[in-house]
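A short write-up of the structure that comes next.
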Amino acid sequence: MSDPADRRPIASRNTAFARRITGFLVRRNLTPNAISMLSMAAAAVAGLAFACAGGHWAGLILAALACQMRLLCNLFDGLVAVEGGKGGPDGPFWNEAPDRISDLLIFAGLGWAVGRPDLGYLAGALAVLTAYIRELGRANGAGNDFSGPFAKPQRMALVTLAAVVQALVLLAGSELPVLLWALWILLAGTALTVLRRSWRQIRQLGSLPR
């Protein structure tokens with residue numbers, strides 16, 4: 001894991017619920033790396049559920065639940081590593097690499113769900129680019145920049161909400177393309193995030209001593 005002082009700000013990290021679950025996982029000797037691997041499995045389920053939903057509401061609900069499970073894994077791998085004291089020397093790899101794979105799996109599935117796999121792949125690439133810009137800033141001495149408007153939590157919130165709303169729309173007998181709309185919003189918001197983080201980093205690096 002990275003420096004605890006340079007982590008993504010997550011309000012739920014300090015809740016009693018999070019502390020209890022963290023304690024449970026630590027007592028069961030579940031490693032943060034294993035939790036990170038579980039996050040990829042959840043993302044794979046979400047991506048497949050999207051791709052195979054075929055306009056069926058149940059598949060969309062499964063995709064929404066799997067997206068949230070991915071976020072929970074992202075929360076608890078850090079908590080177990082830092083607060084639980086189980087972080088290892090290879091932690092930084094497992095903290096980052098599974099997230100990039102997860103983004104690609106989920107957004108590729110979303111693209112296939114709406115018949116636009118090209119847009120899904122593009123969304124995945126932009127999501128990976130937001131992380132690359134963040135890590136580049138950290139490597140250059142500018143620190144981690146988790147700013148949005150569409151950082152990972154916001155991307156997953158949009159995808160989850162869109163899946164649930166699309167499921168409800170289908171149950172109501174409508175064919176409104178909620179997922180497609182959400183995908184376009186996702187693309188615009190993630191592209192804006194890449195530009196914003198890049199600009200903030202350039203400005204900050206310009207003010208750093210050389």
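Within the stretch 14-67, count every residue that is among the aromatic types (Phe, Trp, Tyr) and closer than 27 Å to residue 86 by Cβ.
Initially, the stretch 14-67 is screened for residues among the aromatic types (Phe, Trp, Tyr), giving 17, 24, 50, 57.
Now restrict to residues that are closer than 27 Å to residue 86 by Cβ: 17, 24.
So the answer is 2.
Would a scan of the stretch 3-10 turn up a residue that is modelled with pLDDT under 95, outside any helix (DSSP H, G or I), under 23 Å from residue 187 (Cα atoms) and open to solvent by less than 70 Å² (accessible area, probe 1.4 Å)? Yes, that holds for at least one residue.
Inspect all residues belonging to the stretch 127-137 and state whether any of them is out of contact with any Leu (no Cβ under 9 Å at 6 or more places or on another chain), part of a helix (DSSP H, G or I), of a type in the set (Ser, Thr, Tyr) and surrounded by fewer than 21 Cβ atoms within 10 Å (Cβ to Cβ). Break it down stepwise before answering.
Applying the first criterion (out of contact with any Leu (no Cβ under 9 Å at 6 or more places or on another chain)) to the stretch 127-137 yields 129-136.
In the following step, the residues that additionally are part of a helix (DSSP H, G or I) were identified as 129-136.
Next cut, of a type in the set (Ser, Thr, Tyr) only: 130, 132.
If we keep only those that are surrounded by fewer than 21 Cβ atoms within 10 Å (Cβ to Cβ) as well, we get 132.
Yes, the stretch 127-137 contains at least one residue that is out of contact with any Leu (no Cβ under 9 Å at 6 or more places or on another chain), part of a helix (DSSP H, G or I), of a type in the set (Ser, Thr, Tyr) and surrounded by fewer than 21 Cβ atoms within 10 Å (Cβ to Cβ).
Per the listing 168, 176, the residue uniquely in contact with a helix residue (DSSP H, G or I) (Cβ under 6 Å, 6 or more places away or on another chain), open to solvent by 20 Å² or more (accessible area, probe 1.4 Å) and more than 17 Å from residue 109 (Cβ to Cβ) is 176.
Quick one: count up the residues across the stretch 27-39 that are open to solvent by 40 Å² or more (accessible area, probe 1.4 Å), on the phi < 0 side of the Ramachandran plot and either part of a helix (DSSP H, G or I) or without any contact (Cβ under 8 Å) to a residue 12 or more places away in the chain (or both).
From the stretch 27-39, those open to solvent by 40 Å² or more (accessible area, probe 1.4 Å) are 27-31, 37-38; that's our starting set.
Then drop every residue that is not on the phi < 0 side of the Ramachandran plot, which leaves 27-28, 30-31, 37-38.
Within this subset, residues satisfying the condition of being either part of a helix (DSSP H, G or I) or without any contact (Cβ under 8 Å) to a residue 12 or more places away in the chain (or both) are 27-28, 37-38.
Number satisfying all stated conditions: 4.
Annotation note: Cβ proximity below 6 Å between a residue of the stretch 157-172 that is closer than 24 Å to residue 190 by Cα and a residue that is modelled with pLDDT of 95 or more and small (Gly, Ala, Ser) (sequence gap 6+ or interchain) occurs for 158/182; 160/64; 162/182; 163/63; 163/64; 164/64. Please work out if residue 120 is closer than 22 Å to residue 180 by Cα and within 14 Å of the chain's Cα centre (by Cα). Considered against the rule, which asks whether it is closer than 22 Å to residue 180 by Cα and within 14 Å of the chain's Cα centre (by Cα), residue 120 comes out as no.
Could you pull out the residue among 104, 72, 60 that is of a type in the set (A, V, I, L, M) and open to solvent by less than 40 Å² (accessible area, probe 1.4 Å)?
Values: 104 fails: open to solvent by less than 40 Å² (accessible area, probe 1.4 Å); 72 fails: open to solvent by less than 40 Å² (accessible area, probe 1.4 Å).
When all the criteria are applied, what remains is 60.
Kindly indicate whether residue 44 is within 30 Å of residue 175 (Cβ to Cβ) and open to solvent by less than 10 Å² (accessible area, probe 1.4 Å). Spelling it out, it is not the case that residue 44 is within 30 Å of residue 175 (Cβ to Cβ) and open to solvent by less than 10 Å² (accessible area, probe 1.4 Å). Screening 141, 88, 54, 84 for residues that are free of Cβ contacts under 8 Å to residues at least 40 places away in the same chain, open to solvent by 20 Å² or more (accessible area, probe 1.4 Å), part of a loop (DSSP other than H, G, I, E, B) and farther than 15 Å from residue 157 by Cα leaves exactly one candidate, 54.
The values are calculated or read from the model by the stated rules, or taken from the named source; none is laboratory data. Just so it is clear, the structure is predicted and the values come from calculations on it, not from any experiment. We place every Cβ from the backbone using ideal geometry, glycine too, and count neighbours over all the protein chains shown. Heavy atoms of the whole protein, side chains included, go into the accessibility calculation; ligands, DNA and RNA do not. Shrake-Rupley method; radii C 1.70, N 1.55, O 1.52, S 1.80 Å.
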